[in-house]
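Note sheet for the following structure.
The values are calculated or read from the model by the stated rules, or taken from the named source; none is laboratory data. On a predicted model such as this, the values are computed, not experimentally measured, just so you know. Neighbour counts are summed over all protein chains in view; Cβ atoms, including those assigned to glycine, are modelled from backbone coordinates with ideal geometry. To get the accessible areas, we keep the full protein, side chains included, count just its heavy atoms, and leave off ligands, DNA and RNA. Shrake-Rupley method; radii C 1.70, N 1.55, O 1.52, S 1.80 Å.
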Amino acid sequence: MIQIAVIGHGVVGSGVVDLLHENKAGISSRAHETIRVKYILDLRDFPELPYASKFIKDFATIENDDEVRIVVECIGGVKIAYDYVKRSLLAGKSVVTSNKELVAAHGQELLELAQERNLNFLFEASVGGGIPIIRPLSQCLAANEVTEIAGILNGTTNFILTKMIYDKMSFDDALALAQKLGYAERDPSADVDGHDSCRKICILASLAFGHHVYPEQVSTEGIRNVTLEDVSYADVWGGSIKLLGVVKPCGDGKLDMCVAPMLIPKTNQLWRVDDVFNGILACGNATGDVLFYGRGAGKMPTASAVVADVIDCTKHFNARKYLYWDKGSPDLVIDASKSVFPMYIRATGLPADELTAAVEKVYGSCQKLTREGVDDEVAFIVPAAPYGEQCSKRQQLEWCGVKVLGFMRVFAD
Ligand code: HSE
């Protein structure tokens, strides 16, 4: 029998305990061991639960109990989670976590600590919830050079954008609905400002390219400024708007990365990823595109990935899972101003003809987008150029009296 401890009895932690109970026979058979939850650490009491006696409040009980072989961390955040995970590894226990913030901030150090002690530190649930992505990227695609990863990595923002696209809800109304349905937190910043997507693309980038990428190194923009007008122009263009995390190698071991709302054409597989679903497109030089799709959040999908890691840990006590990346460096990610993108620009402030002339003078030949019955603004898709150059040209436009209302990258196929 393998004894484990679960830290945190929130959405994911309670899902882990439920799933271990619900699928007990199958899990034991696949792990070749019975897996028993010995302790659940939480500050709250849950007297109504049938397993109320397992609850403890002092982490030292877990740390000092040699019978506990695996610690499952589901408290989230960085501070306490980092302390408990580190102490668990130092105490000789393998760790499974769903905590993307922790892995994005301290993954390299914790992987190194686990490696030194011949332990496992697994985090399949940290990206894409129930979607298998960490293991496929580190094992199944290991023969490839990854040429690009692009992902819709946040279910809340994808839900909001889907409501804006299909139901013509404003951003504020869609956010309020997401909060009502329990997708978005009362403080929605981590989701809508792109930080959650950023942490996840950092984890995927670290894994695919072998060096730790810190969230602070990645230019990150959320979806607060996306309007229903932008959504309509994207439709006229033949696509929609998605919050994407993108990374690709750009020579000399450097990475070109960003998180931003982007126009994406209908021909791209990610265009079909709607509602709270996540989608990750990984391109390998041998495989070509590989698409991962599914529920990126939620109690049971996330618990599914956590419990799978617990099973894997159980089967690999004496043979480490290969999951590792090296230290990062301050210049690993190129400056966002150098990333090349075509841009979408929505503008007003001049009569339509003069507006078009001004845009063409600054950007050269562009694709013009118009909406029926709208004559006080025009949108354009302008040719690809480094983002810094696109921003300088935008300023030139504004000096000509143009008011830029929308300015977004276009994710070219
Ligand atoms: N807030 C996240 C999302 C949860 O909406 O995708 C999963 O990481």
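Of all residues being in contact (Cβ under 8 Å) with a residue 60 or more places away in the chain, part of a loop (DSSP other than H, G, I, E, B) and not aromatic (Phe, Trp, Tyr) in the stretch 142-199, which is nearest to Gln217 (Cα to Cα)? Just the residue, please. Filtering the stretch 142-199 for residues that are in contact (Cβ under 8 Å) with a residue 60 or more places away in the chain, part of a loop (DSSP other than H, G, I, E, B) and not aromatic (Phe, Trp, Tyr), the one nearest to Gln217 (Cα to Cα) comes out as Gly194.
Of everything in the stretch 275-289 that is open to solvent by less than 40 Å² (accessible area, probe 1.4 Å) and more than 14 Å from the ligand (Cβ to nearest atom), the residue that is farthest from Asp196 (Cα to Cα) is Gly288. The set of residues in the stretch 109-143 being open to solvent by 10 Å² or more (accessible area, probe 1.4 Å) and closer than 13 Å to Lys86 by Cβ consists of Glu109, Glu112, Leu113, Glu116, Arg117, Leu119.
Scanning the stretch 200-222 for residues that are open to solvent by less than 10 Å² (accessible area, probe 1.4 Å), touching a residue at least 60 places away in the same chain (Cβ under 8 Å) and assigned to a helix (DSSP H, G or I) yields Cys202, Ile203, Leu204, Ser206. Residues of the stretch 377-413 that are in contact with a helix residue (DSSP H, G or I) (Cβ under 7 Å, 6 or more places away or on another chain) and outside any strand (DSSP E or B): Tyr387, Gly388, Lys393, Gln396, Leu397, Cys400, Val402.
Could you please let me know if Lys368 is within 33 Å of the chain's Cα centre (by Cα), farther than 30 Å from Gly76 by Cβ and open to solvent by 80 Å² or more (accessible area, probe 1.4 Å)? Judged against the criteria, Lys368 is a match.
Condition test on Ala91, is it aliphatic (A, V, I, L, M), more than 16 Å from Asp309 (Cα to Cα), in contact (Cβ under 8 Å) with a residue 12 or more places away in the chain and touching a Cys at 6+ places or on another chain (Cβ under 9 Å)?
Details: aliphatic (A, V, I, L, M): yes; more than 16 Å from Asp309 (Cα to Cα): yes; in contact (Cβ under 8 Å) with a residue 12 or more places away in the chain: yes; touching a Cys at 6+ places or on another chain (Cβ under 9 Å): no.
So Ala91 does not fit the description; no.
Select, from Lys180, Lys242, the only residue that is over 15 Å from the mean Cα position of the chain (by Cα), within 16 Å of the ligand (Cβ to nearest atom), farther than 22 Å from Gly328 by Cα and of a type in the set (Lys, Arg). Full working, then the answer.
Values: Lys242 fails: over 15 Å from the mean Cα position of the chain (by Cα).
Exactly one residue qualifies, and that residue is Lys180.
For the stretch 290-314, a residue qualifies if it is in contact with a Gly (Cβ under 6 Å, 6 or more places away or on another chain), open to solvent by 60 Å² or more (accessible area, probe 1.4 Å), more than 11 Å from the ligand (Cβ to nearest atom) and in a strand (DSSP E or B), and exactly one does: Tyr293. Glu229 meets the stated requirement of being out of contact with any Gly (no Cβ under 6 Å at 6 or more places or on another chain), open to solvent by 40 Å² or more (accessible area, probe 1.4 Å) and either within 15 Å of the ligand (Cβ to nearest atom) or farther than 26 Å from Gln269 by Cβ (or both). Quick one: how many residues across the stretch 1-48 are acidic (Asp, Glu) and either open to solvent by less than 10 Å² (accessible area, probe 1.4 Å) or within 30 Å of the chain's Cα centre (by Cα) (or both)? Adding up the residues that qualify gives 3. Here Ala176 fulfils each of the conditions (1) in contact with a Phe, Trp or Tyr (Cβ under 8 Å, 6 or more places away or on another chain); (2) farther than 26 Å from Asp309 by Cα; (3) small (Gly, Ala, Ser) apart from (1).
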